Amino acid sequence: MRRSSKALPLVLTAFWLAGATFPVSAQSVAGPPPAPATGPTDTLRDALTCRTAAADLPALLQRLRRERPLEFIQTERQYSAPMMDLYRLDAPVEAWGHRSDAVVITDNRVLLLVDSPIEQASAQLERALEESRDAPLSAALDDAHALVVYPGEHPGLQGRSLVGCEYRMPALSLLADPADAWRTPTP
């Protein structure tokens, strides 16, 4: 006599929610696996890995401030020429094979500040790209999105590297936020 397996997905979901792990063959569960939970790190990770849509870019800083109010309300440090804001995160985030708790936002870039000189940062980036299974370059980069890595040259950033995404869109200013009215020049 054959038993019904209709309750199996419900049981597996209950174990998954409880944090239990065990091997399950693809044949034992009908349908796709549950989607991973999304959280506040998704917007930041998407921006760092060139996966933010062009339409979402003008409000990026506002979204980050809404999702991570304790991390993106006050900059740790601000720079000029080029204008850059350094934010310190409560927990490190990963992108392009690097892990850091410091994020730099410029007018057209979202970058991780990593504690490595440019040679080490570039080598780590290359290793991560070689080991990647989801082919981030073909999925994320195009004429409007570019992966960038360069040495930190401003005070407090020397000996470190910046790794992330450059958004190549005319007149884009990720730092243009009504909450930062002091930045807007008045005629």
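The values are calculated or read from the model by the stated rules, or taken from the named source; none is laboratory data. Remember, predicted model here, so these are calculated numbers, not experimental data. Using ideal geometry, Cβ is built from the backbone for each residue, glycine included, and neighbour counts are taken over all protein chains shown. Please note that ligands, DNA and RNA were not included when accessible areas were found on the heavy atoms of the full protein model with its side chains. Shrake-Rupley method; radii C 1.70, N 1.55, O 1.52, S 1.80 Å.
Quick notes on this one:
Condition check ((1) assigned to a strand (DSSP E or B); (2) in contact with a Lys or Arg (Cβ under 7 Å, 6 or more places away or on another chain); (3) of a type in the set (Lys, Arg)) across all residues:
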site	(1), (2), (3)
Pro58	no, no, no
Leu64	no, no, no
Leu70	no, no, no
Thr75	no, no, no
Gln78	yes, no, no
Pro82	no, no, no
Asp85	yes, no, no
Leu89	yes, no, no
Pro92	yes, yes, no
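- Pairs with Cβ under 7 Å, 6+ apart, first in segment 163-187 and of a type in the set (Gly, Ala, Ser) and at pLDDT 85 or above, second part of a helix (DSSP H, G or I) and surrounded by 10 or more Cβ atoms within 10 Å (Cβ to Cβ): Gly164/Leu48
- Qualifying residue in segment 60-70 (condition: under 21 Å from Gly152 (Cα atoms), crowded, with 20+ Cβ neighbours inside 10 Å and not hydroxyl-bearing (Ser, Thr, Tyr)): no
- Flag for Leu157 being crowded, with 17+ Cβ neighbours inside 10 Å and outside any strand (DSSP E or B): yes
- Residues being surrounded by fewer than 20 Cβ atoms within 10 Å (Cβ to Cβ) and touching a Pro at 6+ places or on another chain (Cβ under 9 Å) - total across segment 89-99: 1
- The one condition in (1) open to solvent by less than 80 Å² (accessible area, probe 1.4 Å); (2) farther than 17 Å from Cys50 by Cβ; (3) out of contact with any Lys or Arg (no Cβ under 8 Å at 6 or more places or on another chain) that Pro151 fails to fulfil: (3)
- Test: residue in segment 130-142 that is open to solvent by less than 10 Å² (accessible area, probe 1.4 Å) and either small (Gly, Ala, Ser) or not in a loop (DSSP other than H, G, I, E, B) (or both): yes
- Residue that is modelled with the lowest pLDDT [pool: residues in segment 76-88 that are open to solvent by 10 Å² or more (accessible area, probe 1.4 Å) and either in contact with an Asp or Glu (Cβ under 9 Å, 6 or more places away or on another chain) or over 14 Å from Leu175 (Cβ atoms) (or both)]: Pro82
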